[in-house]
Amino acid sequence: MQKGPLQFKVLEVGPLAANCIIVWEKISAGAVVVDPGDEPDRIMDFINNSALKVKYIVCTHAHFDHVGAIPEVKAATGAPVAVHADELEIYQGVKDQAALWGYSLAPLPPPDVLLRDGDFINIGALRFEVIHTPGHSPGGICLYGENVAITGDTLFAGSIGRTDFYGGDYGLIMRSLRRLAALPEDTLLLPGHGPSSTIGEEIKNNPFYQ
C-alpha cells in the first residue's frame, strides 16, 4: 500500500500472527523491515520480488514473536539491527523467553544500533522519529513519519499490549498512550498485531483511552 511517498506492506507472520511491516521509498527502493518475527522466506521473497534495498531492521520491542527471523533477514540483507537501548536485556534473553512458550529460536545477532527517544531513521526522503513507548516492554518504541505510526505492541486497534510480562508496566503504557494521542488524528496506525486503524479512531473508541 501507499501513503504519500511511503510504500508499505504488512505481512502477518508466525503462530502468534505478528505483523512484520516493510516500509520503503519508491524512488530509491530503500527499505526498513520492522519486526521480522518469523517466516523469513516469505519476508525475503517479498523484499527480493520488490527489488528493495533494506537499510535497517528495526525492533519495536524484542519479544520472540517480533524478532525470530532477524538472523536470516540480516544474513540475507546485511542491514544493521536497531533496538532501543532499554530493550537490550529482553533482546539478549529472547531464546529463553521463547522456550518458556515452547518455541525454539536461533541466537540473535548483537544489535548494531541502540536507539533513543527522539532519534531519527532516514531512508531517502523518508524520515521516521523514534518515540520511546515503554509499558509492554521497557524499550518499546513506535516509529512516526509520513503521517504513519508503527506502534508495535503498545497500541492496537481497540486494545493495548499486555503489561503482565517481565518488564511490563501498566502505568508506563498509559503514559505512552498519552504521547501517541498527541499525534495528528488522521495518522495511520500500523500495530504489531491485528488490523490497521488511525490515532483518532483509537482516541474515540479504544476503551483504554476512555
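Just the residues that are farther than 20 Å from Glu129 by Cα, surrounded by fewer than 19 Cβ atoms within 10 Å (Cβ to Cβ) and out of contact with any helix residue (DSSP H, G or I) (no Cβ under 8 Å at 6 or more places or on another chain), please, taken from segment 72-94.
Residues satisfying the conditions are Ala75, Gly78, Glu89, Gln92, Gly93.
Kindly indicate whether Leu108 is surrounded by 14 or more Cβ atoms within 10 Å (Cβ to Cβ) and under 20 Å from Val13 (Cα atoms).
It is true that Leu108 is surrounded by 14 or more Cβ atoms within 10 Å (Cβ to Cβ) and under 20 Å from Val13 (Cα atoms).
Give just the number: which of (1) surrounded by fewer than 17 Cβ atoms within 10 Å (Cβ to Cβ); (2) under 16 Å from the mean Cα position of the chain (by Cα); (3) not small (Gly, Ala, Ser) does Ile57 not satisfy?
(1)
Run down Glu202, Glu185 and say which single residue is in a loop (DSSP other than H, G, I, E, B), touching a helix residue (DSSP H, G or I) at 6+ places or on another chain (Cβ under 9 Å), more than 24 Å from Tyr56 (Cβ to Cβ) and at pLDDT 95 or above.
None of the other options fit; the residue is Glu185.
Mind listing whichever residues of segment 123-134 are surrounded by 14 or more Cβ atoms within 10 Å (Cβ to Cβ) and out of contact with any Asp or Glu (no Cβ under 7 Å at 6 or more places or on another chain)?
Across segment 123-134, the qualifying residues are Phe128, Glu129, Thr133.
Determine which single condition Leu6 fails, assuming it passes every other condition in (1) out of contact with any Lys or Arg (no Cβ under 8 Å at 6 or more places or on another chain); (2) of a type in the set (A, V, I, L, M); (3) at pLDDT 95 or above.
(3) is the only condition that Leu6 fails.
Scan segment 6-45 residue by residue and report those that are more than 22 Å from Gly161 (Cβ to Cβ) and either exposed (fewer than 15 other Cβ atoms within 10 Å of the Cβ) or of a type in the set (S, T, N, Q) (or both).
Gln7, Lys26, Ile27, Ser28, Asp41, Asp45
Would you be able to tell me the number of residues in segment 79-90 that are without any contact (Cβ under 8 Å) to a residue 60 or more places away in the chain and out of contact with any His (no Cβ under 9 Å at 6 or more places or on another chain)?
Total meeting the criteria: 6.
Residue under question is Leu114, and the condition is that it be over 29 Å from Asp186 (Cβ atoms), within 17 Å of the chain's Cα centre (by Cα) and among the aliphatic types (A, V, I, L, M); does it hold?
Considered against the rule, which asks whether it is over 29 Å from Asp186 (Cβ atoms), within 17 Å of the chain's Cα centre (by Cα) and among the aliphatic types (A, V, I, L, M), Leu114 comes out as yes.
The values are calculated or read from the model by the stated rules, or taken from the named source; none is laboratory data. Every value quoted in this text rests on a predicted model; they were computed, and no experiment measured them. All Cβ positions, even for glycine, are placed from backbone atoms using ideal geometry, and neighbour counts span all protein chains on display.
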